[in-house]
Amino acid sequence: MTDAPRRPDPIPLTVLTGFLGAGKTTLLNRMLRDPALADTVVIVNEFGEIGLDHLLIEGVTEDMVLLGAGCLCCTVRGDLITTLEDLLRKRDNGRITPFRRVVIETTGLADPAPILHALIYHPYLVMRYRLQGVVTVVDAVNGSATLDDHPEAMRQAAVADRIVLAKADLAGDTAALRARLAALNPSAPIDPPDVPAATLLGGFFGLDGKAADVRAWLGAVPETDGHAHDVNRHDAAIRAFSLTSDAPVPRPAFEMFLDLLRGGHGPKLLRLKGLVAIADDPDRPVVVHGVQHVVHAPVTLPAWPDDDRTSRLVLIVRDLDPAFVVSLWDAFLGRPRIDAPDAAALTNNPLAIPGG
Ligand SMILES: Nc1nc2c(ncn2[C@@H]2O[C@H](COP(=O)(O)OP(=O)(O)OP(=O)(O)O)[C@@H](O)[C@H]2O)c(=O)[nH]1
């Protein structure tokens, strides 16, 4: 009897986003000089536009070349999915260096959500690549005005796992912008552009075996009581909050909660991340993350990262009342509330769900 061929380990993939001119290419060029990024494929996603970005990445003279540091670089003029599949085929056939990491640099005007959806949804890509996280570059000089004027810049900051504040050397005091970014997305650390590549692209949620990263990835977002907190008035529509549970969560209740949230309010759910104890296997928590109506299949960790066994979900929403989400969570956890329907009432008649 022969052993079934072992499925190769998924290749970590990072999405690098940020508004036009924020400093993405500069950051990437600097990171590519770091030995930690050897054997990285960089995909510059220009969505069919004729762009110049690929010419600006040092050493790139054609669509696909081998860089000095062992990095491959290519420009996507067509379909990102086709490119990712094509890279795998070439890697499997030994036609290119067996790259160990992929970075996708998006165009400055991109809403990163569709890219993340493609990476989360595609049945083959999801087996071979693992979305490690989203890095968003924010320009310290223009960042505030850009957030005011461009909703896509706001979305880029809201979905980030880490934010890089570029051009702080030109900007003077960045405290107000930092506070604004922290209010939009409290769980994303804000790094300077000279942050080590390994920190920036490291295991965001322990899927590379570093389980201790999970708590850092979730970050410190205050638990919500459903009441409004003081946020910048421009950004009031975007809210970050967390839900917790000390008791393990029954699997059907958890799945139904996620289904109702993304089915009824997906477009308002900018980002969801969580570490949750499931009642039928409480020693092995699951990690979930999602963007809008797409929630990545939960990944089971071999153990808890530390002694804290509190289940925790972090949500960043737009135009959705956190109090509604809290009442849904409470209903599925069986926490009685006089002013809200219980789980049975919600699942018997999901169309009747209020909110938003
Ligand atoms: N002083 C300073 N300049 C920077 C910094 N980061 C980027 N720049 C400059 O800002 C300009 C735009 O940087 P890019 O890296 O091309 O920005 P980008 O986000 O890739 O731009 P697009 O691809 O056009 O969206 C360039 O002139 C960079 O040299 C920084 O931290 N400090």
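The values are calculated or read from the model by the stated rules, or taken from the named source; none is laboratory data. On a predicted model such as this, the values are computed, not experimentally measured, just so you know. A quick note on method: Cβ atoms are made from the backbone with ideal geometry, for glycine too, and the neighbour counts reach across all protein chains shown. Side chains included, ligands, DNA and RNA excluded: accessible areas come from the protein's heavy atoms. Shrake-Rupley method; radii C 1.70, N 1.55, O 1.52, S 1.80 Å.
Quick rundown of the values:
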quantity: FRET efficiency for M127 and D259, using Cβ-Cβ distance with R0 set to 22 Å, rounded to 0.05; calculated: 0.45
quantity: Long-range HN-HN contacts of I104 with modeled amide H, under 5 Å; calculated: T14, V15, L16, I43
quantity: Gain in span if fully extended, R89 to A171, counting 0.36 nm per residue against the direct Cα distance; calculated: 25.0 nm
quantity: Projected label distance in nm at R100 and A145, using a 7 Å step from Cα toward the beta-carbon; calculated: 4.3
quantity: Protein-only accessible surface order, largest first, of L170, L261 at 1.4 Å; calculated: L170, L261
quantity: Heavy-atom SASA rank of R33, R309, R271 (probe 1.4 Å, accessible area, largest first); calculated: R33, R309, R271
quantity: Gain on full stretching of the segment that runs from R335 to T244 - 0.36 nm per residue minus C-alpha separation; calculated: 31.5 nm
